[in-house]
């Protein structure tokens, strides 16, 4: 049984966006530095596309952060507060 984890894609995308913006880079600039398209970077940041380990490594090198910093994500999706 395959389990989908869209919350992981969204969490990874959010982290990627924060790190990219910390560098003052556009999606296109990160794409150039990591040999990926800016369009793909945007899709990953929005959680629309999955990213391979190889591409994620290229992004980590471009951002000059350890790969583990990108993949240190919550194991479960955040739960909405109880009312």
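The values are calculated or read from the model by the stated rules, or taken from the named source; none is laboratory data. These numbers were taken from a predicted model, which means no experiment stands behind them. Note that we place each Cβ from the backbone using ideal geometry, even for glycine, and neighbour counts take in every protein chain shown.
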Residues of the stretch 43-73 being under 16 Å from residue 22 (Cα atoms) and either touching a helix residue (DSSP H, G or I) at 6+ places or on another chain (Cβ under 6 Å) or at pLDDT 95 or above (or both), in sequence order, are 45, 59, 60, 61, 62, 63, 64, 65, 66, 70
Those residues that are under 18 Å from residue 72 (Cα atoms) and crowded, with 18+ Cβ neighbours inside 10 Å, I need them from the stretch 20-55; list them, please. 20, 44, 45, 51
Residue 32 modelled with pLDDT of 90 or more, under 17 Å from residue 60 (Cβ atoms) and over 13 Å from the mean Cα position of the chain (by Cα): yes
Every residue in the stretch 14-42 that is on the phi > 0 side of the Ramachandran plot and touching a helix residue (DSSP H, G or I) at 6+ places or on another chain (Cβ under 7 Å), please. 35
